[in-house]
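Encoded as structure tokens, the structure appears first; notes follow it.
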Amino acid sequence: MNETARTPLIEQLAPRIWRHFADLLRLAWPVMLSRAGILVMAFCDIAMLGRYGAGAIGEINLGVSIFVPLLVVTIGLTSGMVPVVAYAFGAGAWAECGNAWRRAISLSLVTSTIAALICWQGEALLAAFGQTAEMSARGGAVTRALAPGLIAQTIYTACAFYLEATRRPLPALVAMIFANLGNFSLNWLLIWGHWGFPELGAVGAALASTIVRFGAAAGMILYIVTRPRARAAGVVGPWQTFWGPGGWAAGRTMRKLGASAGLSNGFETIGFAAMTMFAGQLGTLPLDAYSLSHNLLSTLFMVGLGLAVASGVRVGIEMGRDRPDEAAFAGWVGLLAVVVVMSTLAVLVVINRESLAAIYTNDPVIAARASGLFVLSALVFVPDSAQVVMGQALRSMGDAWVAVACYIASFVMLMVPLGWLLVNPLGYDERALIGTIIAACLLASALLTLRFHWLTRHRGRDREPRP
């Protein structure tokens with residue numbers, strides 16, 4: 001191709017990339033902040049309990065160690081609605097968007113209730129995992145206070161997914177802001193027992209979170225069903241069966257894609273949980289430093305998650321419009337965006353690593369060790385966010401099970417044995433665990449990207465856009 005032919009191509013490509021990039025960020029930033037709100041709520045609980053008394057943080061962390069994996073799986077199972085709703089929205093099938101939301105509510109009620117019943121048995125689970133009888137009892141009291149909130153948080157998330165897939169992400173952010181304000185206020189009342197309320201400590205913080213989660217879920221449902229033309233949007237009307245309009249069969253695609261996401265999230269959670277266990281085997285100081293690094297990763301991962309949800313929505317909408325070439329381009333722009341944004345955050349973390357460590361702790365020994373880990377952790381940002389963007393894009397194209405195999409290969413078959421090998425027989429410290437995470441995320445992002453490349457070429461040629 002000569003220079004004159006190449007120049008118009010570049011001039012056409014640059015505005016197209018910018019159009020996709022700007023649209024992605026408009027959708028992504030409220031999603032980032034609303035998901036970050038979940039972590040802010042947890043941080044608020046820990047910060048307030050740290051001023052309550054010794055042992056309270058340990059109690060809440062034991063309860064959360066049971067609650068969070070169950071929540072991750074139930075939200076993953078519900079997330080299959082995102083590509084389904086986005087596809088219907090792109091195709092102009094407004095009623096089907098609402099029908100899919102109602103089916104997702106039914107599914108989330110079932111899955112989250114099962115998860116809540118498991119969470120309710122937290123005391124027995126903690127004892128089975130080797131905790132003492134006293135710590136199991138304290139952590140179990142926290143899990144019982146958190147358990148009902150599993151149902152509310154899953155329903156809130158299903159509502160957020162519906163609004164985000166129909167390009168209305170702001171209500172979920174507003175609801176999460178009010179939930180955090182309510183959580184802070186209820187913590188003040190229930191942790192210390194102000195204004196005549198019972199002094200409950202860690203259980204009070206867990207109960208406060210549960211109450212505001214129900215408030216957020218109720219507010220989201222009320223917002224959705226009271227919008228103008230709610231019946232035309234499919235969010236109100238005859239339920240027909242327990243499983244929503246169309247019954248069990250109508251939710252097959254949503255359940256398939258949700259199972260893919262739930263299993264993928266579960267295998268990734270197993271890998272990261274194993275790294276925490278291996279860090280614990282190294283001793284108190286390495287565990288503290290690794291825990292701070294893991295918290296930093298989790299917090300900034302919300303940026304990547306927001307870009308992933310927005311990318312998946314945009315891919316699904318373009319598939320619904322029967323424009324697979326635009327769907328593929330939306331996925332690639334999502335990957336480009338996550339590389340640019342997360343690389344920028346990585347540089348900022350490296351530059352400000354000592355200041356960040358000082359925010360987390362006033363212990364100079366832990367801070368020094370954590371700040372060194374932050375440099376390595378910054379290398380995780382891009383591949384970790386890239387793999388979740390590509391996974392969401394694949395599900396938006398209807399690809400379910402290959403992604404699960406990629407997660408098994410990366411986070412179970414590579415991450416867990418490599419982390420064990422480096423820490424136990426070879427005797428490396430917690431830095432090796434961060435290196436293991438980098439390797440697993442690189443493998444996952446590479447496999448998922450290759451799958452997306454193959455799928456977009458074949459879907460673009462065969463013109464089979466339905467997820």
Check: What is the spin-label model distance, in nm, from LEU222 to ILE46 if the labels are put 7 Å beyond Cα along the C-beta direction?
Finding: 3.2
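Starting from the Kirkwood Rh over alpha-carbon pairs, what translational D in µm² s⁻¹ does the range 331-378 have by Stokes-Einstein at 10 °C and 1.306 mPa s?
137
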Note to self: Over 19 Å apart: what share of the alpha carbon pairs of the range 349-467 falls there, rounded to a whole percent?
What the structure shows: 58
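As an exercise, identify the trypsin sites (Lys or Arg not before Pro) in the range 199-254 lying in DSSP coil whose Cβ has no more than 12 other Cβ atoms within 10 Å.
Passing sites in the range 199-254 are ARG229, ARG231.
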Check: Zone of ALA230 (label point 7 Å along Cα→Cβ, backbone N under 17 Å): which residues in the range 151-168?
Finding: 156, 159-160, 162-163
Next item on the list: Compute the distance in nm between two label points, each set 7 Å from the Cα along the Cα-to-Cβ direction, one at LEU421 and one at VAL110.
Entry: 4.2
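Please report the net charge: other residues with Cβ closer than 11 Å to the Cβ of LEU373, K and R +1, D and E -1.
Net local charge, LEU373 excluded: 0.
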Check: How would you classify the chain from its alpha-carbon gyration tensor, with a ≥ b ≥ c the square roots of the eigenvalues: rounded for a/c under 1.5, else prolate if a/b is greater than b/c, otherwise oblate?
Finding: oblate
Checklist line | Relative contact order, percent, the chain [alpha-carbon distance under 8 Å, six or more residues apart] | finding: 21
Checklist line | Fraction of the pair-distance distribution of the range 215-303 above 15 Å, Cα-Cα pairs, percent | finding: 77
Next item on the list: With viscosity set to 0.890 mPa s and temperature to 25 °C, compute the Stokes-Einstein D of the range 33-250, Rh being the Kirkwood radius across alpha carbon pairs; µm²/s, no decimals.
Entry: 136
Checklist line | Cα-derived Rg to Rh of the range 254-467, Kirkwood definition | finding: 1.03
Notebook entry, point to check: In a solvent-free Debye calculation with one equal scatterer on each Cα, what is log10 I(q)/I(0) for the range 94-207 at q = 0.12, 0.19, 0.23 Å⁻¹, listed in the order of the q values?
Noted result: -0.59, -1.03, -1.16
Next item on the list: Would you mind classifying the range 162-270 by shape? Square roots of the alpha carbon gyration tensor eigenvalues, ordered a ≥ b ≥ c; an a/c under 1.5 is rounded, otherwise it is prolate if a/b is larger than b/c and oblate if not.
Entry: prolate
Item checked: Which of VAL382, VAL349, VAL82 has the fewest Cβ neighbours within 10 Å, and the rest in rising order -> VAL349, VAL382, VAL82
Next item on the list: Can you give me the three principal axis dimensions of the range 35-110 from its C-alpha atoms, in Å, biggest first?
Entry: 56, 22, 14
Notebook entry, point to check: At 20 °C and 1.002 mPa s, what whole-number value in µm²/s does Stokes-Einstein give for the translational diffusion of the range 279-382, with Rh from the Kirkwood sum over Cα pairs?
Noted result: 140
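Every number in this text was worked out from the coordinates using simple rules, so none of it is lab data. Just so we're clear, the structure is a prediction, and the values are computed from it rather than from any experiment. Here Cβ is always computed from backbone atoms with ideal geometry, including for glycine, and neighbour counts include all displayed protein chains.
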